[in-house]
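The values are calculated or read from the model by the stated rules, or taken from the named source; none is laboratory data. All values reported here derive from a predicted model rather than from experimental measurement. Virtual Cβ from ideal backbone geometry, glycine too; neighbours counted across all protein chains shown. For the accessible areas, the whole protein counts, side chains as well, though only heavy atoms, and no ligand, DNA or RNA atoms are used. Shrake-Rupley method; radii C 1.70, N 1.55, O 1.52, S 1.80 Å.
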Amino acid sequence: MNDMKRTDVVGLLEPLRRYARSLTRDESQAEDLVQDTLVRAYERQGSFRAGGNLRGWLLSILHNSFIDHRRRHLAEFRRLEQSPAAETAAPPEQESRVRLQQVHAAFMRLPDEQRASLHLVAIEGLSYQEAAAALGIPVGTLMSRLGRARAALRGFEAGAHLPQPSEAKRPSLRIVGGSDV
């Protein structure tokens, strides 16, 4: 990469870190994910189209790296998720800080697909087309995930319970017309 592209990559480190933290829910894993993304981008720099969207390309690599890592370490992830975590932090004194932590916790309890979609559009400011391309999904699917994520957060505001990521299940489909054989 030439010097201008390196400068662009350095300027995109913070959005990459934010998105990685949103996906991994862990600071050190997020840093590892960003590093892996930059290594993959460097190794595949020939696949970047001249004049292309560098930010979207890097976010797409980061997302795909996260999915690959998650698939490889699914057993370890489940084991760590089931282990009890001790709370050592003192509760915050300010109401706004407590509220922010509650909203953050609700955001983190969203299913991965919804959280990733909402993060790219609401926090990173990507257009629907750019976010859909980064996630490798159709724009309609992205919009559906955004709608469900926003509805879940509105439900949280109204006092509804958001399921833990391990509790989230896909709705069962029913057959309308015809036979189920």
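Converting phi to 3J(HN,Hα) with the Karplus coefficients 6.51, -1.76 and 1.60 and the offset θ = phi - 60°, region 31-36 yields 5, 4, 5, 5, 4, 4 Hz in sequence order, with x at every glycine or proline.
Average accessible surface for region 12-77: 57 Å² per residue, computed with a 1.4 Å probe over protein heavy atoms with every protein chain in place. For region 21-62, the share of accessible area belonging to carbon and sulfur comes to 47 percent (1.4 Å probe, ligands and nucleic acids excluded). Other residues within the sphere of radius under 15 Å centred on the Cβ of ARG17, judged by their own Cβ, net out at -3 (K and R +1, D and E -1).
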